[in-house]
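Since every read-out is calculated from the coordinates, none of them should be taken as a lab result. The model shown is predicted, which means the values in this text are computed figures rather than measured ones. Ideal geometry is used to build each Cβ from the backbone, glycine not excepted, and the neighbour counts take in all protein chains shown.
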Amino acid sequence: MNLKFLFFVALMLGISTTHAQTTSLISKKYYVTNQNGTTYTESISRTPAEVLYQYKLTIKNADGADHLQKSCTGLSIIARILCTAQNVIQQAYIDIFRVNSAIVSINNLALTSTSTFNKNTKILVLPLTVQEANQLKIVIKGTTLSFIDVKLESTVVQSDTTAPTQLANIQSNSITKNPLIHISISDSSATTTYLWNNQQELLLTTTEKEFDINLTEGLNNFVIQSKDIYNNTSSYLYLTNITLDTTPPALNLTLASEYIYSTYPQNFTLNITSSEDLQSLTINNIAATLVAPNTYSAVIIINNPQTLTLDLKAFDFAGNEKIQTSSIIFGQDNTPPAISSSLASNSFTNINTCLL
């Protein structure tokens, strides 16, 4: 299929294309000028955006070729002489032009040692992490004809014009008992994210794509914005009116010491007040009903005299749980009714009605 046609279709469908751009920062040969060792230093400056690029350091020992010894066994005399001569030449190249050791460091961080780069090393490729101001130091030892070939490259993947997206695990106007808000930044390239409070004070600058924000007890307000290394900037993410509540609700249940009834069963009404609005309240697994601000009611059927344990379980809108236990005594009234008369004993009366 025609590649130009595929590219045209990709553009029409809005499919973004990317390609890697590599820049050579150092490409140089370093020779041993003193058999006791020769030291070279290179200063490398990077912008904050360039620090986020990918870096690769390639060190060749002389030409970086193998220069392997060939087996001359089984060859004819002439072929064996030529083979031996080639091996001598190959070994001579190693002895003369390869360095005995190369110790390379960046910003005082050692990248090689005498055990990782010596005469037996032909080439070494290392990933690098840089900062804005860098110093590359090279110490080599060997013959005065020996050298290393060093190349430092930076690679940045060119992207489209898509801005970073931001996601929080909570929305504005929320109540939570979790003291952390988790933020996720999505972008194909490196990003920098800024966090402000509602007084527009900068609280945080980070290149991390996953991080947490600490909440303080009470009301919290934040504004977040991210941009990638191509200055594609996200819209503001507002996280406002987020309340951190880590205190369980307080429950108040006013009860008499004992309730006496002459007959059972009884529908007993409980009234409970709370220190705050509740997401739910149950008494012995019976759901209570909101009857007034912060006031809840539940009806429990009492089938017989007993000491009843009340298990109250409440959740506020932040998810804080309150468990409280009380007990009520329900008694039986077994006292017979008292009877009195308006006549005294052994009395006579002409009234035909006696008031009891």
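A few comments on the model shown:
- Residues of region 82-112 classified as part of a helix (DSSP H, G or I) and small (Gly, Ala, Ser), total: 2
- Any hit, region 105-112, residues being out of contact with any strand residue (DSSP E or B) (no Cβ under 8 Å at 6 or more places or on another chain) and either farther than 30 Å from Thr191 by Cβ or surrounded by 14 or more Cβ atoms within 10 Å (Cβ to Cβ) (or both): no
- Matching residues in region 49-86 - criterion: being of a type outside the set (D, E, K, R) and closer than 30 Å to Glu132 by Cα: Ala49, Val51, Leu52, Tyr53, Gln54, Tyr55, Leu57, Thr58, Ile59, Asn61
- Of all the residues in region 202-238, those that are surrounded by 12 or more Cβ atoms within 10 Å (Cβ to Cβ) and either of a type in the set (Asp, Glu) or part of a strand (DSSP E or B) (or both) number 20.
- Number of positions in region 25-47 that are basic (Lys, Arg) and either part of a loop (DSSP other than H, G, I, E, B) or without any contact (Cβ under 8 Å) to a residue 40 or more places away in the chain (or both): 1
- For region 172-184, the tally of residues that are over 20 Å from Leu278 (Cβ atoms) and in contact with a Leu (Cβ under 8 Å, 6 or more places away or on another chain) stands at 6.
- When restricted to residues that are free of Cβ contacts under 8 Å to residues at least 60 places away in the same chain and assigned to a loop (DSSP other than H, G, I, E, B), region 190-201 contains 4.
- Unique residue being among the hydrophobic types (A, V, I, L, M, F, W, C) and either closer than 30 Å to Asp212 by Cα or free of Cβ contacts under 8 Å to residues at least 60 places away in the same chain (or both) when the list is Val99, Val139, Val130, Val125: Val130
- Residues in region 139-151 that are crowded, with 19+ Cβ neighbours inside 10 Å and under 39 Å from the mean Cα position of the chain (by Cα): Val150 only.
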